[in-house]
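Only one structure is covered here, and it is reproduced in the block below.
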Amino acid sequence: MTRSVDVAVVGLGGVGSAAAAHLAARGLDVVGLERFQPVHAMGSSHGRSRIIRQAYFEGADYVPLLRRTYELTERLGFDVGRELLHTVGGLFIGAESSRTVTGSRASAEEHGIAYELLDAAELRRRFPVLRPAVDDVALLEPGAGYVVPEDVVAAHHAVATRAGADLRFGAAVTSWAADPSGEGVEVRTSDGTVRAGRLVLAPGAWASGLLADLGLPLVVERQVLGWFMPDGGVEPFLPGRLPIWIWEVPDGRQPYGFPALEAPERGVKLALFRGGPPCDPDTVDRTAGDVDVAPILDALGDRVAGLPGTRVDAAACLYTTTPDEHFVIGAHPEHPQVIVACGFSGHGFKFTPVIGELLADLVVDGATPHPIGLFDPRRPALATDGGRV
Ligand SMILES: Cc1cc2nc3c(=O)[nH]c(=O)nc-3n(C[C@H](O)[C@H](O)[C@H](O)COP(=O)(O)OP(=O)(O)OC[C@H]3O[C@@H](n4cnc5c(N)ncnc54)[C@H](O)[C@@H]3O)c2cc1C
């Protein structure tokens, strides 16, 4: 059976769920198509915590989007009657010249984000489990913290459904075809065809398949999360006593961690930013064990007292990375009725509310007031022969 709607959204994970919610809230007739069940652990939006921050070492250009995403995350929490934005603070630690410290500081200065700079002695005094080197410093951002990805995705599903969107789970999109006129798209799925005026493609780690015609140089990386029970227990790791932290070590690796956010027996979560092995999302091993968490612990060394302690769990998650680590958001270069949102390069979750909003702008108005030039699908770094050095 063929159905005709204003807009189809492919993928109802972090980004697609937000797009569906914003589009439906604007009164459009929306169909969302997701191959798995709601809030699954097969893609990029699971693992029970994601860092959110505004002092952004990846580039000050992201800060206006971050400010808006904070507002939208709070509003979404209000809409579903649940706290979604947890500002437990954040520490960005490293040598004074490290990218983590200089970049966080530059963006905070440029945009007037509240922060404190702590030297190693002050860092130890305030957060006794941390063991900085004598020349480490830390930027403390009180407004940083975390969101629970499963809660945010479920909230976007709820808001979308409440506004009338038809969200279909267990519906895998096999192909799509755009009308050469620039109006209309046909989307084929495992259980029928949908005709839509516009199409939003937010397929996460599966983007290369659905966007093969663009030849985007996306690399899917397997990234492992580990949960550890510290020697001596979680007491010094409780929120209020320890914020989220990212620690750039001298060779440039960035282990990071969360306070003890879950039931005490879950311990604390640790991971490593970037550098995971390339993989195929259809065949990757999603179970993880000691071998998989070893690189996290190797990068962390003995910088946090009580860790690694005992491992209590581990999970695999997928990054979809571009050569310059900026997102890919914009109209498909050949089909203006198709909007592409992929390549979130391991740092996209915190932005999902604002990305949903700006995708709705692109669908409804063909443009957005949000600054998205950095994410242009036609930028030189995405030329298949360029970018990577
Ligand atoms: C270990 C780890 C830690 C991270 N930490 C952070 C962090 O601290 N802060 C942060 O901001 N970001 C973080 N990220 C990144 C962030 O989680 C991702 O950028 C974000 O979740 C990407 O969302 P997405 O919608 O693109 O992908 P997903 O949420 O995976 O959604 C894509 C969806 O598309 C569906 N789909 C694909 N193909 C089809 C098809 N053919 N038909 C139907 N449905 C389809 C998939 O099933 C999936 O549900 C982390 C990621 C990982 C893996």
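The values are calculated or read from the model by the stated rules, or taken from the named source; none is laboratory data. All figures in this text were calculated on a predicted structure; none of them were measured in a lab. In this analysis, Cβ positions are derived from the backbone assuming ideal geometry, glycine residues included, and neighbour counts consider all displayed protein chains.
The set of residues in the stretch 58-78 being more than 12 Å from the ligand (Cβ to nearest atom) and in a loop (DSSP other than H, G, I, E, B) consists of Gly59 alone. Of all residues in the stretch 186-212, those satisfying the criterion of being within 25 Å of the chain's Cα centre (by Cα) and surrounded by fewer than 18 Cβ atoms within 10 Å (Cβ to Cβ) are Gly209, Ala212. Which residues, counting only those in the stretch 225-253, are under 22 Å from the mean Cα position of the chain (by Cα) and farther than 18 Å from Gly89 by Cα? Passing the criteria: Leu225, Gly226, Trp227, Gly252, Arg253. Filtering the stretch 291-314 for residues that are assigned to a loop (DSSP other than H, G, I, E, B) and at pLDDT below 95 leaves an empty set.
Might you check whether a residue that is surrounded by fewer than 20 Cβ atoms within 10 Å (Cβ to Cβ) and under 20 Å from the mean Cα position of the chain (by Cα) occurs anywhere in the stretch 360-371? Yes, the stretch 360-371 has at least one match. Return the residue satisfying two criteria in turn: it lies in the stretch 261-273 and is assigned to a loop (DSSP other than H, G, I, E, B) and farther than 28 Å from Gly103 by Cβ, and of such residues it is farthest from the ligand (Cβ to nearest atom). Filtering first and then ranking leaves Ala263. Selection of the stretch 259-281 for residues being of a type outside the set (A, V, I, L, M, F, W, C), under 21 Å from Ser44 (Cβ atoms) and touching a residue at least 60 places away in the same chain (Cβ under 8 Å) yields Glu262, Lys269, Arg274, Asp280, Pro281. Each residue in the stretch 230-251 was checked for being closer than 14 Å to Arg266 by Cα, of a type outside the set (A, V, I, L, M, F, W, C) and in a helix (DSSP H, G or I), and 1 pass. Per the conditions (1) over 30 Å from Asp166 (Cβ atoms); (2) free of Cβ contacts under 8 Å to residues at least 60 places away in the same chain, the sole criterion not satisfied by Gly94 is (2).
Tell me which residues, restricted to the stretch 335-356, are in a loop (DSSP other than H, G, I, E, B) and buried (at least 24 other Cβ atoms within 10 Å of the Cβ). Within the stretch 335-356, Gly343, Phe344 meet the criteria.
Residues are listed down the side, and each one gets a yes or a no for (1) within 14 Å of the ligand (Cβ to nearest atom); (2) of a type outside the set (S, T, N, Q):
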{"site": "Leu140", "(1), (2)": "no, yes"}
{"site": "Val147", "(1), (2)": "yes, yes"}
{"site": "Arg168", "(1), (2)": "yes, yes"}
{"site": "Gly184", "(1), (2)": "no, yes"}
{"site": "Thr189", "(1), (2)": "yes, no"}
{"site": "Thr193", "(1), (2)": "yes, no"}
{"site": "Val200", "(1), (2)": "yes, yes"}
{"site": "Gly209", "(1), (2)": "yes, yes"}
{"site": "Leu216", "(1), (2)": "yes, yes"}
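Is it the case that some residue within the stretch 323-334 is assigned to a helix (DSSP H, G or I) and in contact (Cβ under 8 Å) with a residue 60 or more places away in the chain? No.
Filter the stretch 13-43 for residues that are within 6 Å of the ligand (Cβ to nearest atom) and buried (at least 24 other Cβ atoms within 10 Å of the Cβ) and give the result. Within the stretch 13-43, Gly13, Gly14, Val15, Gly16, Leu33, Glu34 meet the criteria. Checked against the criterion of being in contact with an Asp or Glu (Cβ under 6 Å, 6 or more places away or on another chain) and within 26 Å of Gln54 (Cα to Cα), the candidates Thr368, Thr352 yield just one match: Thr368. Against the condition at positive phi and either among the β-branched types (Val, Ile, Thr) or within 16 Å of the ligand (Cβ to nearest atom) (or both), how does Gly343 come out, does it pass? Judged against the criteria, Gly343 is a match. Candidates in the stretch 1-12 are the residues that are aliphatic (A, V, I, L, M) and outside any loop (DSSP other than H, G, I, E, B); of these, the one that is nearest to the ligand (Cβ to nearest atom) is Val10. When Ala172 is tested against (1) more than 13 Å from the ligand (Cβ to nearest atom); (2) surrounded by fewer than 16 Cβ atoms within 10 Å (Cβ to Cβ); (3) in contact (Cβ under 8 Å) with a residue 24 or more places away in the chain; (4) among the small types (Gly, Ala, Ser), only condition (1) is not met. Looking only at residues that are of a type outside the set (Phe, Trp, Tyr), more than 10 Å from the ligand (Cβ to nearest atom) and more than 20 Å from Ala158 (Cα to Cα) in the stretch 44-57, which one is farthest from the chain's Cα centre (by Cα)? Of everything passing the filter in the stretch 44-57, Ala55 is farthest from the chain's Cα centre (by Cα).
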